[in-house]
Amino acid sequence: MEIRKVQVTGGSSYVVSLPKTWVKKLNIKKNDPLGLIIQPNGTLLITKKVDEEQEERIIEINTDIMDTPTYLFRCLIGAYIAGYTIIKIKSIGAIPPFVRAVTRKFTQATIGQEVVEETNNSIMIKDLLNPVEMPFDKSIRRMYMIVKNMHKDAVSILKNRDKTLAEDILSRDNDVDRLQWLIARQHNMVSRDVNLNRKMGVTTEKAANYFLISRIIERIGDHAVRIAKNILNFIDEKVDEKIIDTIESASNLALEIFDKSMESFTERDMKSANKNIDSLTELVSLCEKINTLALQQKAAIAVSIGYIAESVRRTGEYASDISECVINHLISEKT
């Protein structure tokens, strides 16, 4: 850290000289404008970037070294989450058919990504979404509603025996993934671009908290999918009504913890978040009861029911993690 004394010029202007190494590194010249941003914690951020335009970041991906479609898809998702605004896919020869197929899959699986240029040996994907139009809180709220209904519908399969509902749950899980990737992307962009930070009305710390909560909600969605898949394993078998009723009770309690955690997050209620964490004990007890009752069933059915109980328990635990995030974030704001 460099320590510099404040000088007073003209009787009313306070002046601090800039570090020479920093000035040279950014090639700052006389009369160049600099942006000054007052941070919530009282620090002053100085930036050379004073325009309001979103920073354009370009990455090139060479498909000649991609040996599988999965590898390429993961690289594209990585570039998307990293916040690149233009992705150029290139090949020495003609673009292989699998690359075009993966590109289509990628643009369908992400928000705002479109192919804007295509030749025999290259594809250009551009981000057409203005991040300000998709604020963090709305994306989180949408994720929460989708995942909550996924979980409710998964458990309802036990009673209505609707196999098509399970397929719909898998489809909705893709929507959850799209939103979580978007939040991860915007978190990275906000962390790097102070102007975007200001335009979206979030601090870097708050963006990080949104990202953390989105990851938790996405995992709750994964467990809704696991519940549905495991129910399909014995959907045509007869199961003791006590087991079904106990699973339903445990599921309702897990969703209640989820609801209250999201409510404490929205209302910034630390006391409610703390109380919500304590309610997890009852859920664990119900899930243990499910496992005990499952022992009376056939071995294959008992295993699937055990996995369901585990996913219901994990749903409640992840939901309580949201309450912990609320407490941690609110405490950090006080320091």
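State whether the residues of region 107-115 include one that is among the small types (G, A, S), assigned to a loop (DSSP other than H, G, I, E, B) and buried (at least 17 other Cβ atoms within 10 Å of the Cβ). Yes, there is a match, as at least one residue in region 107-115 is among the small types (G, A, S), assigned to a loop (DSSP other than H, G, I, E, B) and buried (at least 17 other Cβ atoms within 10 Å of the Cβ).
Residue count for region 47-59 under the criterion of being at pLDDT 80 or above and loosely packed, with under 13 Cβ neighbours inside 10 Å: the result is 2.
Of all the residues in region 102-146, those that are of a type in the set (A, V, I, L, M), at pLDDT 95 or above and either closer than 16 Å to H187 by Cβ or within 13 Å of the chain's Cα centre (by Cα) (or both) number 3.
The C-beta contact set for region 63-81 (first residue surrounded by fewer than 20 Cβ atoms within 10 Å (Cβ to Cβ), second residue at pLDDT below 95 and of a type in the set (S, T, Y), distance under 7 angstrom, 6+ apart or interchain) comprises D64/S91. Give the residues of region 62-101 that are more than 25 Å from the chain's Cα centre (by Cα) and part of a loop (DSSP other than H, G, I, E, B), sorted by residue number. Within region 62-101, M66, D67, T68, S91, I92, G93, A94, I95, P96 qualify. Any idea which residue in region 1-24 is modelled with the highest pLDDT, counting only those that are in a helix (DSSP H, G or I) and surrounded by 10 or more Cβ atoms within 10 Å (Cβ to Cβ)? Across region 1-24, the extreme among qualifying residues is V23. Residues in region 122-140 that are exposed (fewer than 15 other Cβ atoms within 10 Å of the Cβ) and out of contact with any Gly (no Cβ under 7 Å at 6 or more places or on another chain): S122, N130, V132, E133, D137, K138. Which ones in region 265-275 are farther than 15 Å from I217 by Cα and touching a Lys or Arg at 6+ places or on another chain (Cβ under 9 Å)? Scanning region 265-275 gives S272, A273, K275.
Scanning region 173-186 for residues that are surrounded by fewer than 21 Cβ atoms within 10 Å (Cβ to Cβ) and either without any contact (Cβ under 8 Å) to a residue 40 or more places away in the chain or under 14 Å from Q113 (Cα atoms) (or both) yields a count of 3. Selection over region 98-109 of residues that are under 10 Å from L76 (Cα atoms) and either in contact (Cβ under 8 Å) with a residue 24 or more places away in the chain or not assigned by TED's automatic domain parsing to the domain that holds C75 (or both) gives a count of 3. It is to be established whether one or more residues within region 120-135 are closer than 30 Å to A254 by Cα and of a type outside the set (G, A, S). Among the residues of region 120-135, at least one is closer than 30 Å to A254 by Cα and of a type outside the set (G, A, S), which makes the answer yes. Only one of the listed residues (A299, A319, A294) is among the hydrophobic types (A, V, I, L, M, F, W, C) and surrounded by fewer than 20 Cβ atoms within 10 Å (Cβ to Cβ). That residue is A299. Scanning region 264-305 for residues that are in contact with a helix residue (DSSP H, G or I) (Cβ under 7 Å, 6 or more places away or on another chain), within 13 Å of A250 (Cβ to Cβ) and of a type outside the set (A, V, I, L, M, F, W, C) yields S279, E282, K289, N291.
The values are calculated or read from the model by the stated rules, or taken from the named source; none is laboratory data. The structure displayed is predicted, hence computed values, not measured ones. We place every Cβ from the backbone using ideal geometry, glycine too, and count neighbours over all the protein chains shown.
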